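Notes follow the structure.
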There are 2 protein chains.
Amino acid sequence: MNSLGYALLSMLVRKSCTGYELKQLLEVFWNAKHSQIYPLLSKLEEDEFVTYVHVEQTGKPDKKIYSITDKGRSLLQKWISNPPAPPVARDEFLIKAYAISLADVETGISLFQERLALYEEKLAKRKVEIGLMEKEYGEKLEDIKSNVFGRYILFKRKLLQEQEEINWCKWVLSYLEKEVKTNRIMS
Amino acid sequence: MNSLGYALLSMLVRKSCTGYELKQLLEVFWNAKHSQIYPLLSKLEEDEFVTYVHVEQTGKPDKKIYSITDKGRSLLQKWISNPPAPPVARDEFLIKAYAISLADVETGISLFQERLALYEEKLAKRKVEIGLMEKEYGEKLEDIKSNVFGRYILFKRKLLQEQEEINWCKWVLSYLEKEVKTNRIMS
DNA sequence: TAGGACATGTAAAGTGTTACATGATTAG
DNA sequence: CTAATCATGTAACACTTTACATGTCCTA
């Protein structure tokens, strides 16, 4: 079983879902493609970690609602206490930032301004999401036994990281924009 | 060309390196394996983005010192101004954190304590690294045209993100440890 | 004397992305 | 009338990891 398999199980603990729904929920972790999710769900079903019911629909395509089994739940539970694999982060932007001395200042500035805009948008959405959670679940969010606690702390983490990315972008931009001003005075 | 190829080029802009050195330098981005680096360097050489000189050594294995070509440099330069691909972060720990309600409180606490320890160690090393850079390069670090500026801002970003991960771990631990105390009083 | 640093390579297996394939309903 | 949402699946290709392969010097 790979990480994605466990990610699917961890979602199904909270509630039964279709593959389509799982794809969207998994976005809190990373952006897995449906072409990876559907075959993996079949494999999970074969190994009896999940089961599904086929639901016929009119107007919409039929769907399969997957649920976690006891076998699946105990697998996930055991896996949690194992030491996690080291995190991997692949970010093309950081390579560009690293090589920024090769670009002219204007390119550098627009690179960072776009990154800043991207994360400001992410942060705004995140705040809305967390706000909705707080309205819907209230004190339940702070209850470590509740099945929304995990989701809540993950969202908070994302918020903090996004905020920090914004701070960093602004810090870098202050250097880049200082340079532009100096050039203007000299010309 | 893929991201790893550009990552290699961005390292070679600063200085000529062997594949072995590149593997270590690339760790600022992510942990690429040598089995991916060596064949890619060959391909880069075939396409004339890099060249190498064979250096014979005694006592140590021979090595190839790779340098970027003008063709490679201009490729990298053009690539920088293209919009970067969205970042991907795969982190098993976060799946475990998400499913934490399934584990008992003690498991949750040790999970987060180990994460905290890991990032405190990372942060400590990062501070040393940055300290060394500041000693070695001084004001050059704040010069956006200098070829250490990119490296410096990347390290600073990592520092901020690591610090934030620590804050978050402590915040989550405060909930988990509150629960343990409540249980003790009740028993 | 065991393990790490130095140094480069290939092969196989596993994981992830893009493209192909289908098709009704609803909102703009 | 065009794009998005719902919904699932396969095939080909690209990328990454693990394992196999070799060999000396130096440090604990």
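The values are calculated or read from the model by the stated rules, or taken from the named source; none is laboratory data. As the structure is a prediction and not an experimental result, all values here were calculated from the model. Note that we place each Cβ from the backbone using ideal geometry, even for glycine, and neighbour counts take in every protein chain shown.
Just for helices (runs of 4 or more DSSP H) wholly inside region A:11-117: which have at least 2 residues that are at pLDDT 95 or above and closer than 30 Å to B:ARG73 by Cβ? Walk me through how you get there before you give the answer.
Numbers: elements: A:19-25, A:34-46, A:70-80, A:92-98.
Once the helices (runs of 4 or more DSSP H) in region A:11-117 are filtered for at least 2 residues that are at pLDDT 95 or above and closer than 30 Å to B:ARG73 by Cβ, what remains is A:92-98.
Run down B:ALA7, B:ALA85 and say which single residue is surrounded by fewer than 18 Cβ atoms within 10 Å (Cβ to Cβ) and either free of Cβ contacts under 8 Å to residues at least 60 places away in the same chain or within 10 Å of chain A (Cβ to nearest Cβ) (or both).
B:ALA85
Tell me which residues, restricted to region B:77-100, are more than 30 Å from A:ASN147 (Cα to Cα) and within 16 Å of DNA strand D (Cβ to nearest atom).
B:TRP79, B:ASN82, B:PRO84, B:ALA85
How do the pairs read when you match residues in region A:36-49 that are within 14 Å of A:THR69 (Cβ to Cβ) with residues anywhere that are assigned to a helix (DSSP H, G or I) and near DNA strand D (Cβ under 10 Å from one of its atoms), using Cβ under 6 Å and keeping only pairs 6 or more apart or on different chains?
A:LEU41/A:GLY19
Starting from residues that are away from chain A (no Cβ under 14 Å) and β-branched (Val, Ile, Thr), keep the ones in region B:12-65 and report whichever is farthest from DNA strand D (Cβ to nearest atom).
In this case the residue turns out to be B:THR51.
Taking only region B:135-161 into account, find how many residues are surrounded by 13 or more Cβ atoms within 10 Å (Cβ to Cβ) and among the acidic types (Asp, Glu).
Number satisfying all stated conditions: 2.
Among the numbered conditions (1) at the interface with another protein chain (Cβ under 7 Å from one of its Cβ atoms); (2) surrounded by fewer than 18 Cβ atoms within 10 Å (Cβ to Cβ), tell me where A:TRP168 comes up short.
(2)
Determine whether B:LYS71 is away from every other protein chain (no Cβ under 12 Å), within 16 Å of DNA strand D (Cβ to nearest atom) and either crowded, with 16+ Cβ neighbours inside 10 Å or more than 17 Å from the chain's Cα centre (by Cα) (or both).
no
Can you name every residue in region B:120-171 that is charged (D, E, K, R) and within 14 Å of the chain's Cα centre (by Cα)?
Residues satisfying the conditions are B:LYS122, B:LYS125, B:ARG126, B:GLU129, B:ARG151, B:LYS156, B:ARG157, B:LYS158, B:GLU162.
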